[in-house]
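Let me begin by presenting the structure, written as structure tokens, before commenting on it.
The values are calculated or read from the model by the stated rules, or taken from the named source; none is laboratory data. Just so it is clear, the structure is predicted and the values come from calculations on it, not from any experiment. Cβ atoms come from the backbone with ideal geometry, glycine included; neighbour counts cover every protein chain shown. Note: areas computed on protein heavy atoms with side chains; ligands, DNA, RNA excluded. Shrake-Rupley method; radii C 1.70, N 1.55, O 1.52, S 1.80 Å.
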Amino acid sequence: MTDARRAAAALLACVAGLTLVSCGDEEAATEVVPAASGASIDGEQSEVQLPHGRLTFEVTDAEEVTEDDAPDAGTSGRFVGVDWTWEPGAGVPPLVSGFLLADDVEAAVRVQVDGTWHDLGPAYDTAEGGAAGTAFFVPAGDDVTAGDVRLAVDFDGVEQTVQGDGSGLEAGAAAAMYELTGEPVEPECPVALQPQGVAGEATCTAAFVELPYVTGLGWAATGTTWIVADLSVTATGLSVAGQDQPIVEQTETATLDGVEPASVLLDEASGAAQRTQSVYAGEPGAERRLSFTRNLSSSQRAVVAKATGEVVVPAA
């Protein structure tokens, strides 16, 4: 409600309280009120993509609200209904979704109606596995539509805004979240065993994806992106001087364009295979070279051999 509307209400001898305005026998809430459990909010939809999932908002045009939908709304006035759902992992590339479900990172929701911003609280409950919060009714002028309402979501210092009808998205540093295809780049991954004289076979698979945000590192700096390098190396049938050396452990050192990783999201073994996910900073869409060495250990030797390789990621 605008200041002009409040002044007009005062001239009509309405008596203002903390939450309600009294006008004769009718009362109307002047602040945001929570919707009752099971209240129906059926309006226009808009989406905000976060690094670890998606928020889908539902916003109504200004309407009267029944006591069943909002007991604290009073007996007069019109309100905009605001509700949302939270889908953890939605819109996140499958390659890394399991490592980016950062529900311990809070996100805050605000809404602007009639020029006034209202805080609606957390977008999801970090203590309840990421469940979405309560629906709300916000006081509004008679002619306010969902398209007049502005929603804002702040996640780790970056705020995105969008109109209640889904138009006018301003994502800022999060804009790249809306361009993720979900498909990683999977170049060839040549690998060789060293030193000469070591018998056996080594195979490798690699996949790369760019992300604007990584848990524990935050948002990528302006003009850069985070690159997640997923690398799996399998070493089988190794022997030295005719003696079998089953590999029980791999230790990796790797660089991307000569730079060590900023973080390692994953380092796990499965039989003769070892998979890592390392994160690097770099220029979006640029050609890259991942150089790696895996020290291969058996139960008999600390380092039986080395598996080395270089993966070239073409420019986008």
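Here are a few things to note about the model shown:
- Residue in segment 61-82 that is in contact with a Gly (Cβ under 6 Å, 6 or more places away or on another chain) and open to solvent by 10 Å² or more (accessible area, probe 1.4 Å) present: no
- Residues (touching a Phe, Trp or Tyr at 6+ places or on another chain (Cβ under 8 Å) and open to solvent by 40 Å² or more (accessible area, probe 1.4 Å)) located in segment 266-316: A281, E310
- Selection of first residues in segment 200-228 that are on the phi > 0 side of the Ramachandran plot and of second residues that are among the hydroxyl-bearing types (S, T, Y), restricted to Cβ pairs under 8 Å at least 6 apart or on distinct chains, gives the following pairs, ordered by first then second residue: G200/T236; G200/S239; G216/S263.
- Scan of segment 208-252 for residues that are within 28 Å of the chain's Cα centre (by Cα) and among the aliphatic types (A, V, I, L, M), ordered by number: V209, L211, V214, L217, A220, A221, I227, V228, A229, L231
- Residue tally, condition at pLDDT 90 or above, open to solvent by 30 Å² or more (accessible area, probe 1.4 Å) and not β-branched (V, I, T), over segment 29-42: 2
- Of all residues in segment 283-310, those satisfying the criterion of being part of a strand (DSSP E or B), in contact with a Ser or Thr (Cβ under 8 Å, 6 or more places away or on another chain) and in contact (Cβ under 8 Å) with a residue 60 or more places away in the chain are L290, F292, R294, K306, A307, T308, G309, E310.
- When G129, G166, G121 are screened for being over 30 Å from E310 (Cβ atoms), part of a loop (DSSP other than H, G, I, E, B) and at pLDDT 90 or above, only G166 passes.
- Subset of segment 49-85 (residues that are within 30 Å of P184 (Cβ to Cβ) and in contact with a Ser or Thr (Cβ under 8 Å, 6 or more places away or on another chain)): P51, H52, L55, T56, F57, W84, T85
- Residue in segment 74-82 that is in a helix (DSSP H, G or I), at pLDDT below 85 and more than 30 Å from V228 (Cα to Cα) present: no
- Single condition Y178 does not satisfy, out of (1) outside any strand (DSSP E or B); (2) crowded, with 19+ Cβ neighbours inside 10 Å: (2)
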